[in-house]
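Attaching a single structure in C-alpha cells format; questions to follow.
The values are calculated or read from the model by the stated rules, or taken from the named source; none is laboratory data. Just so we're clear, the structure is a prediction, and the values are computed from it rather than from any experiment. Every residue, glycine as well, gets a Cβ built from its backbone with ideal geometry; the counts of neighbours run over all protein chains shown. Accessible surface is based on the protein model in full, side chains and every heavy atom, while ligands, DNA and RNA are left aside. Shrake-Rupley method; radii C 1.70, N 1.55, O 1.52, S 1.80 Å.
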Amino acid sequence: MLRPGADIVANYTRAGMVYILLCLGLALPYLVFQQVAAPHRQAAELAAPTAPPAEPDRVENRKFSDVTNAYIPELFAHLRGVRSGWLTLWTNHNELGRPVHHLSGFSPAYPPSWILARFTGDPWRFLTLLSLLHCFLAGGFVLLYCRETALAPLAGLVAACTLAGSPLLMYWLTFPMFLAIWCWAAGALWAVARLAKRPDLLGWSALAFSVYSLLMTAYPQPVVFHAYLLGGYGVYLAVRRWQVAPRHALRFAAISATALFAGVLLALPVYLDLAALATASARAAPDPSFFTAVLPRIASLADAGQWIVLATAPELLGNPVTEGYPFAYDGISVTPVVAFFAVVACLLTPRRTWGWWLAIAIVFLFAFVHPLYVLGVRHMGFHLSRSTPLGSALLPLSIIVAHGVDALVHRPPSPRRSLAVWLAAASVVAILAGGVAFGVARGTGVRWGMAAVVLTVAGLLAGQRRRVRPRLVLAALVIVLAAIAHPLMLRQDPGRIATTSPLVETVRAELPPGARFAIAAPGLPVLPPNLNAPLGLASLHSYNSLSPRRYHALIDALGGQMQTYGRWNAAVAPDYGGAKFWMSNVGLVLSATPLAHENLTELGEQSGVHLHKVVSRMGESLQVPLPPLGRAGPEGLDVGDPRALPARVPAKLLDQGDLLEFELTAAPPSLLILSQKYHPDWEAQVRSDSGWAPAETTPVNGTFQGVLLPAGVRGVRLAFRPFARYAWGAHVFWLLVLVRLGWAAWRKGRRTDAEGAGTE
C-alpha cells in the first residue's frame with residue numbers, strides 16, 4: 001500500500017505536474033538551447049563545406065532523409081509560400097507545379113498547425129514543436145485515461161512517461177506524422193472511456209477531434225491498425241454497458257458514431273482533393289510481397305534471439321539512431337521500466353489486462369505470420385503503405401504498464417506480490433544478460449556503462465517488493481529517459497544546417513527568372529528533388545507519392561525514369577533540342593560530365609558539377625493560334641511543336657502562386673500555354689472589351705496547362721481552386737466547440753461557488 005511520505009504523486013494534479021517537468025527536461029535541448037529536430041545538416045546535398053559536429057552526440061543519419069527531401073520543403077511552402085489567400089495551395093518549385101499537400105499536420109488547414117504557424121515561420125522550428133507537442137499530448141492522454149479508469153496517479157504517470165519518452169517516439173522524433181498516430185489514438189482511447197462512463201460534450205469533442213486529427217496529421221496505414229484496436233475497445237465497452245443497461249449502450253454507440261462522423265466530415269475537403277490526386281496519379285498497386293518485405297522474418301533460433309535482443313535491449317549494442325549501428329532497427333523496443341511493469345501486470349492483474357494482451361497477440365500474429373498480413377492487404381485496408389504493425393502494440397502495452405503499477409500500489413504485502421516483483425526484476429536482469437551475451441557472441445561489443453544503467457534500474461524497481469516507493473520509481477524513470485530516450489533524439493544546431501553553398505549560389509546566379517533547372521542522367525548526389533524548394537530554386541524533378549500520369553509521361557518523353565513506384569525522379573536524358581524540353585522551360589542543366597549540344601552553353605564547373613545554360617526555351621507562357629479543331633478533346637489539345645507557330649509572349653501582371661494574371665495581345669481565337677503541369681482545378685477568366693468571362697482550360701501536348709482564348713481577349717486570370725480552401729469550416733467549428741466548453745466550465749464554476757457559499 002502507499003505509505004506516508006510517498007505522496008509526491010498522491011493525486012493526479014501532482015502526477016500531471018511531475019509529468020510536465022519530466023517532459024520539459026527531455027525537451028530541454030529544443031526549448032532552451034534552441035536546437036531543432038533534424039537528421040543531418042544537409043551539407044552533402046548542397047555540396048557545402050562541412051565541419052565536425054559541435055558535440056560528439058550530435059549524430060547525423062540519412063535514413064531519415066525524408067525530412068529534408070519532403071517535410072521541410074512542404075513546410076516551407078505552407079509557411080513562406082506565395083499565396084493569394086490564407087492557405088498555400090500551389091507550388092511551382094517541383095514537378096512543373098503541383099498542389100501543396102494539406103496532411104501530416106504541416107498545413108494551416110489543421111487548426112493547431114495554424115496556431116503554431118502564428119508563433120514561427122521557420123520550417124525546422126515548426127517541425128520540432130509539432131513533434132514535441134505530439135509526444136507530450138500522447139502521454140497526457142494516457143494520463144487522462146488512467147484517471148478516467150480510476151487507476152492510481154503513479155500508474156498514470158509511469159504509463160504517460162513510458163509512452164511519451166518511448167524509444168519508438170524518440171527514434172522517429174523527426175517524423176511528426178508517425179508521432180501523431182500514438183498521440184491521437186491515445187486521445188481517442190481516453191475519449192471513448194469517458195463517453196462510456198458519462199456522455200458529455202467534452203468526451204464527444206475529444207473523440208471527434210482525435211478522429212479529425214488522425215485523418216489530418218497521422219501516417220495513414222497505422223491509422224487503419226489503430227482503428228481496429230480502438231474499434232475493438234469500443235465494442236468491449238458497449239457490451240459491458242449493454243450488460244448493465246441496454247439503453248446506455250445504445251446511447252454510447254450513437255454518441256460515439258456522431259463524433260466519428262463529425263471528425264470525418266471536417267476532414268472531407270482535404271480528402272476530396274486527395275482522392276482526385278490519387279485518381280490522376282500513376283501510383284501502382286504492388287504485389288502483397290511489397291508490403292510483407294518490411295515485416296520481421298524469423299527463420300531460425302538465431303533470428304529469434306536477435307529480434308528479442310533488439311526489442312528489449314538494443315542500446316546495449318550502441319546508439320540505435322546512429323548510422324553505424326550494426327543491426328536494422330526501427331525504434332520498436334521496450335525499456336527496462338516497461339518490461340518490469342508488464343511482467344508485474346501479467347502476474348498480478350491478468351483479468352484486467354487480458355484484452356490488451358490479446359490485442360498485442362493479434363498484432364504479433366499479423367507481423368510474423370505473413371500470409372495473415374497478405375489477407376489484411378487484400379481485405380482489411382493494409383495496402384495503403386508499407387508499415388509494420390508492431391508499433392500498434394505500444395498503446396496497449398502502455399495501458400498494461402499502468403495496470404502493473406496500479407496493482408503494486410493497491411496490493412498489500414504478500415508472498416504473491418513479492419514473487420511478482422522478484423520475477424519482474426529477474427526478467428530485466430535476464431534481458432540484460434541476453435543482450436550482453438548476444439553482443440559478445442556477435443563481436444559487436446557491449447556498452448558496459450549502459451549495462452550498469454539497466455542493472456541500476458532493475459535494482460530501483462526491485463525496491464517495490466514490500467510497498468510502492470514512488471521516489472524509486474521516478475528515479476528509474478529519469479534514468480531511462482536520460483540514458484535511453486534522450487540519445488535517440490536527433491537534433492542539430494540550426495545555425496549549422498547548410499542553407500547555401502558555392503554550388504547553390506552559382507545555380508541561383510545563372511538560373512534565369514521563372515526558369516527551372518534539370519539534372520542530366522545518370523544523376524548527381526546534390527540538390528535532390530524537393531530540397532531545392534527552401535533554397536528558392538525551381539527544379540524539373542519531383543519526390544511525390546501521388547505524382548500524376550501526365551508528369552510521368554513527360555519524364556518518359558525526356559528520357560527519365562520514375563522510381564520507387566512512381567514517387568521519385570532525379571534525372572533526365574532529353575533531346576535538348578526537342579519540343580517537350582523546350583516547353584519545360586529548363587534554363588540550366590547540371591551534369592556529372594560536360595555535355596555537348598547546340599542548345600547548351602557550358603558555363604564551367606562548380607563543386608564537381610558541370611553547369612550548362614539552355615540557349616532556347618519557351619519561357620513561362622506563350623500565346624499561339626488555336627489549332628484547326630478549335631476545341632479540346634478528352635486528352636486536351638496537341639499543338640505539336642509550338643516553335644513552328646506564330647506566337648506572342650504574354651506579360652505576367654500578377655503571380656501569387658495560386659492566382660496568375662497575364663496581359664495578352666488581342667487576336668483571333670488562340671491558346672495560352674503555361675509551362676506548368678495541367679490540373680483541372682485551375683479556373684480561368686478572360687478579359688475583353690465586354691469585361692470578364694469564364695474560359696475553358698485544357699491540357700496541351702498531354703502535360704501542360706492551357707487556356708482557350710476567344711477572339712479579342714486582352715487579359716487572362718487563372719485561379720487554383722481545390723476543395724482544401726474550404727478547410728476554414730473546421731476552424732470555425734472547433735472555435736464554436738471551444739466557446740461552448742468554456743461557457744459550460746464557467747457555469748459549472750459559478751454553481752460550485754454558489755453551493756459553497758450556501759453551505760457556509
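Rounded, prolate or oblate for the range 249-292? Axes are the square roots of the Cα gyration tensor eigenvalues, ordered a ≥ b ≥ c, and the cut-off for rounded is a/c under 1.5.
Details: a/c = 5.98, a/b = 1.79, b/c = 3.34.
Cα axes put the range 249-292 in the oblate bin.
What is the mean projected area of the alpha carbon convex hull for the range 93-164, to one decimal in square nanometres?
Hull-based average projected area comes out at 6.5 nm².
Any chance you could run the full-extension gain for Thr322 through Leu455? It's 0.36 nm times the residue separation minus the Cα-Cα distance, nm to one decimal.
Gain on stretching Thr322 to Leu455: 45.5 nm.
Going by the alpha-carbon gyration tensor, a ≥ b ≥ c the square roots of its eigenvalues, is the range 339-462 rounded (a/c under 1.5) or, if a/c is not under 1.5, prolate (a/b greater than b/c) versus oblate?
Oblate is the answer for the range 339-462, as a/c is 1.5 or above yet b/c matches or exceeds a/b.
Additional query: Using only the alpha-carbon atoms of the range 439-511, report the extent along each of the three principal axes, biggest first, to the nearest angstrom.
Principal extents (largest minus smallest coordinate, Cα): 75, 35, 14 Å.
Rounded to a whole number, what % of the accessible area of the chain do carbon and sulfur atoms account for, probe 1.4 Å?
After summing per-atom areas, the C and S share lands at 63 percent.
Also, quick follow-up: Rounded, prolate or oblate: which one fits the chain, using the alpha carbon gyration tensor with axes a ≥ b ≥ c (rounded when a/c is under 1.5, else prolate when a/b beats b/c, else oblate)?
prolate
Apply 1/(1 + (r/R0)^6) to the Cβ-Cβ distance of Leu645 and Ala666, taking R0 = 25 Å, and write down the FRET efficiency to the nearest 0.05.
Calculated transfer efficiency: 0.90.
Right, next: How much accessible area per residue does the range 422-563 have, counting only protein heavy atoms and a probe of 1.4 Å, in square angstrom?
Computed with neighbouring chains in place, this is 39 Å² per residue.
A further question on this structure: Filter the DSSP H helices in the chain by two things, a Kyte-Doolittle mean of at least -0.5 and an axial alpha-carbon span of 20 angstrom or more, and list the hits by number. Don't jump to the answer; show the numbers that get you there.
Values: long enough: 12-26 (21 Å, 1.43); 123-148 (37 Å, 1.08); 176-197 (32 Å, 1.22); 201-217 (23 Å, 1.52); 220-244 (36 Å, 0.42); 246-280 (47 Å, 1.31); 350-368 (26 Å, 1.06); 394-410 (24 Å, 1.63); 415-442 (40 Å, 1.26); 448-462 (21 Å, 2.05); 728-759 (47 Å, 0.02).
Span-like helices in the chain: 12-26, 123-148, 176-197, 201-217, 220-244, 246-280, 350-368, 394-410, 415-442, 448-462, 728-759.
Viscosity 1.002 mPa s, temperature 20 °C: Stokes-Einstein D of the range 551-593 from its Kirkwood Cα radius, in µm² per second?
195
So for the pair Ala437, Leu250, with labels modelled 7 Å out along Cα→Cβ, what separation do we get in nm?
The modelled label-to-label distance comes out at 5.9 nm.
Further question: Quick one: how many Å² of Trp356 are accessible to a 1.4 Å probe, rounded to 10?
About 30 Å², rounded to the nearest 10.
Given Cα pairs under 8 Å that are at least 6 residues apart, what percent is the relative contact order of the range 85-152?
On the way: 35 pairs, mean separation 10.4, N = 68.
Computed over the range 85-152, the figure is 15 percent.
Top to bottom by accessible area (1.4 Å), largest first, where do Ile479, Ile673 land? Numbers along the way, then the final one.
Numbers: Ile479 50, Ile673 0 Å².
Listed by decreasing accessible area, they come as Ile479, Ile673.
Straight-line reach from Lys197: which lysines have Cα under 24 Å away, leaving out those fewer than 8 places along the same chain?
Lys748
Now, a different point. What figure in square angstrom, to the nearest 10, would you give for the accessible area of Trp743 with a 1.4 Å probe?
Looks like 130 Å² after rounding.
In percent, what relative contact order does the range 451-564 have, based on Cα pairs under 8 Å that are 6 or more apart in sequence? All intermediate terms of the calculation are to be shown ahead of the outcome.
On the way: 46 pairs, mean separation 17.8, N = 114.
Once normalised by length, the contact order is 16 percent.
Further question: How high is the relative contact order of the chain, given as a whole-number percent (alpha carbon pairs under 8 Å, six or more residues apart)?
Across the chain, relative contact order equals 17 percent.
Still on this structure: Stick to the Cα atoms of the range 1-155, pair each with every other, and give me the Kirkwood hydrodynamic radius in Å at one decimal.
Result for the range 1-155 stands at 18.6 Å.
Thr279: accessible area at probe 1.4 Å, nearest 10 Å²?
Thr279 has an accessible surface of roughly 100 Å² with all protein chains in place.
Still on this structure, please answer the following. Which trypsin sites (Lys or Arg not before Pro) in the range 350-435 pass both tests, a DSSP loop state and at most 15 other beta-carbon atoms within 10 Å?
On the way: sites: Arg351, Arg352, Arg378, Arg386, Arg416, Arg417; in loops: Arg386.
Here the sparse-neighbourhood loop sites are Arg386.
Roughly what % of DSSP beta bridges within the chain run antiparallel, to the nearest 5?
Taking every DSSP beta bridge within the chain, about 90 percent pair in antiparallel fashion.
Along the three principal axes, how long is the range 557-648 when you take its alpha carbons, biggest first, rounded to the nearest angstrom?
50, 35, 18
Which of the lysines could a cross-linker span from Lys652 if the Cα-Cα distance has to be under 24 Å and same-chain partners fewer than 8 positions apart are dropped?
Lys580, Lys613, Lys677
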